[in-house]
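Novice: Pasting a structure below so you can have a look.
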Amino acid sequence: MKIGGNANSLSSYCGAEVFLLERMKKEMIRLEHVTKSFQTKDGEVHAVKDVSLEVREGQIYGIIGFSGAGKSTLVRCINLLERPDDGKVIFDGKNLLELSDKELRAERQKMGMIFQHFNLLRAKTIYENIALPLRMMKKDKQEIDRKVMELLELIDLVERKDSYPSQLSGGQKQRVAIARALASDPKVLLCDEATSALDPQTTQSILRLIKKVNREMKITVIMITHEMLVVKEICDRVAVMENGRVVEKNDIVPIFINPVEEITQNFINTTNNTNKINELIEEKHPLTQLAPDQQLVRLKYSSSNTKEALISEISRRFHIDCSIVFGNVEVIKDAPLGTLVTIFTGTDENIKRALDYTREHGVYVEVMKRGHID
C-alpha cells in the first residue's frame, strides 16, 4: 500500500544542472523506431519493436532485459550486423542504413564489440589476436607492434603475449577481447553480455577495466546485460527491455529511486535485501506481526538527506518509537542512496504527522502494513 510518495523531490538532487550537462554532450548514437523481425519455422518473431533511444558521447549506457527480451538483437542492429526492418540508426551523425557497403565498413571500424564467450581465435597467440584488426586495416609492422604492446599494457597481460587463449582464465580472455576491440581506436564499445560467463570477482575486474577505458580513452560504452548489479556498478543511463520493447529508460540514479515499471522494480530488487520484507509479510513472519499502534514503513532517501538525522528527529518531535527492521545504504554514481524498513510505534495522528514531515524532507515513504488493520 503506497501512501503519498515524494519521488520528485527525492530525485531532485540529480537536478537541472546535471541534466543540462548531459544534454550538452555530443549525440553519439540515436535509434529511431527501430524494428527487427525474424522468420522461423514456428512463424514470425518480433525481436525488436519500435525502439527509440539516444546515447550521448562518453556515456556508459546499459540495456537490460531477461533472456529473449531483444537486447542482443538490438545491439546488433546498432552496428548493422542485423539490418533493421524499419527505423533509423544514426551513428556519429550518419544514418547507417543509407550508407554504401564501403562507407558502412568504415563506420563499423569505429565500433568495437565484445561478447559473452570472448570469440578469440584459438590457433593464434594473444598478441596475434589483438593484432588481427590492425592487420586487416593494413597497418605497418611497427605501428602494429606499438599498438598491441600498448593494449597489452592496458589489460596487464604483457607477459602473456605469446600464450594461447586455452592457457588463459576467463577473465584474461575477456581482457584480450577488450584489447582486440580497442585496436582500431573505436568511438564506441559494444558489450554483449560481456560478464555473464565470469564469476563475481572477475566480473568486478572487467567492469573496472571498462570504466577505465570509458574515462581515460573517452570511449562511449553500451552494456547489454541481464544483471542489474552490472548496470548499478558502471552505467550512467539504462533502458529496460521486455518483449522487444523499451519499457522504461532513465538516468541510473532516478531509476533506482523511483522505478516506474514492475520489471524495473524486479531487477532492482535483485541488488539488495530490503525487499525481503515483502516475502515476510506474505508469510506472516513474526517480524511483521504488528501491535495495533504500529505501522511497517519503507523509507527511501538520497544524497540530499542521507546526512540528516531524520529518524532521531521524528522520534523526538512526534513522540513515536522507530525500530529498524532492514537497512541498506549504497553509492550509485557517487550518490549515496538508502532504504530503511522500519516499525513506527505511536498514535495514528503522530505517525501521520511524522510521515508527512519525512516526505517534506524529500524521503520517499511507503506504508506497507498497519497493525490495527491486519
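Quick note: the coordinates plus some simple rules give every number you see, no bench work behind them. Bear in mind the structure is a predicted one, so any value in this text is a computation, not a measurement. Glycine also receives a Cβ, built like all others from the backbone with ideal geometry; neighbour counts cover every protein chain displayed.
Novice: Among Arg76, Arg180, what is the fewest-to-most ranking by other Cβ atoms within 10 Å?
Specialist: So the ranking, lowest neighbour count to highest, is Arg76, Arg180.
Novice: Could you work out the local net charge near Gly70, counting Lys and Arg as +1, Asp and Glu as -1, over the other residues with Cβ closer than 10 Å to its Cβ?
Specialist: Surrounding charge for Gly70 is +3.
Novice: Considering only Ser312, Gly346, Leu121, whose Cα is most displaced toward the positive end of the charge dipole of the chain, charges sitting on Cβ of Lys, Arg (+1) and Asp, Glu (-1)?
Specialist: Leu121
Novice: Listing Ser205, Ser323 from the residue with the fewest other Cβ atoms within 10 Å to the one with the most, what is the order?
Specialist: Ranked by crowding around the Cβ, least crowded first: Ser323, Ser205.
Novice: In debye to the nearest 20, how big a dipole does segment 227-361 give about its Cα centre with +1 on each Lys and Arg Cβ and -1 on each Asp and Glu Cβ?
Specialist: With Lys and Arg at +1 and Asp and Glu at -1, about 240 debye.
Novice: Per DSSP H run of n ≥ 4, the term is -39500 (n - 2.57); total these for the chain, divide by its residue number, and report the mean residue ellipticity at 222 nm rounded to 500 deg cm²/dmol.
Specialist: Calculated at 222 nm, the ellipticity per residue is -10500 deg cm²/dmol.
Novice: Another question, then. In segment 348-374, which residues have a backbone nitrogen under 14 Å from the label point lying 7 Å from Lys284's Cα in the Cα-to-Cβ direction?
Specialist: Answer for segment 348-374: 374.
Novice: Would you mind counting up the charge near Ser166? Only other residues with Cβ under 11 Å from its Cβ, with Lys and Arg at +1 and Asp and Glu at -1.
Specialist: +2
Novice: So what is log10(I(q)/I(0)) for segment 276-370 at q = 0.12, 0.17, 0.20, 0.25 1/Å, when the Debye sum runs over its Cα atoms only?
Specialist: So the normalised log intensities are -0.37, -0.73, -0.97, -1.35.
Novice: In nm, to one decimal, how far is the Asp356 label point from the Arg146 one, both placed 7 Å along Cα→Cβ?
Specialist: So the label points at Asp356 and Arg146 sit 7.1 nm apart.
Novice: Follow-up question, since we're still on this one. For the chain, compute Rg over Rh where Rg is the Cα radius of gyration and Rh is the Kirkwood radius from the inverse mean 1/r over Cα pairs.
Specialist: 1.06
Novice: How large is Rg/Rh for segment 96-225, to two decimals, with Cα atoms and a Kirkwood Rh?
Specialist: That ratio is 0.96, to two decimals.
Novice: Next question. Within the set Lys102/Lys141; Lys71/Lys161; Lys249/Lys300; Lys41/Lys71; Lys102/Lys218; Lys138/Lys232, which residue pairs have Cα atoms separated by over 30 Å?
Specialist: Flagged as over cut-off: Lys71/Lys161; Lys138/Lys232.
Novice: Can you compute the FRET efficiency between Asp101 and Arg317 using 1/(1 + (r/R0)^6), with r the Cβ-Cβ distance and R0 = 45 Å? Round to the nearest 0.05.
Specialist: 0.05
Novice: If you don't mind, another one. Compute the distance in nm between two label points, each set 7 Å from the Cα along the Cα-to-Cβ direction, one at Asp86 and one at Glu261.
Specialist: Here the modelled spin labels are 1.9 nm apart.
Novice: State to the nearest 20 debye the size of the charge dipole of the chain about its Cα centre, where the only charges are +1 on K and R beta carbons and -1 on D and E beta carbons.
Specialist: That gives the chain a dipole magnitude of about 1100 debye.
Novice: Given R₀ = 35 Å, FRET efficiency for Leu229-Arg122 by Cβ-Cβ distance, to 0.05?
Specialist: Calculated transfer efficiency: 0.70.
Novice: Oh, and also: So what is Rg over Rh here for segment 319-374, counting just Cα atoms and using Kirkwood for Rh?
Specialist: 1.02
Novice: If you take every DSSP beta bridge fully contained in the chain, what fraction is antiparallel? Give it as a percent rounded to 5.
Specialist: If I count the DSSP bridges inside the chain, around 70 percent turn out antiparallel.
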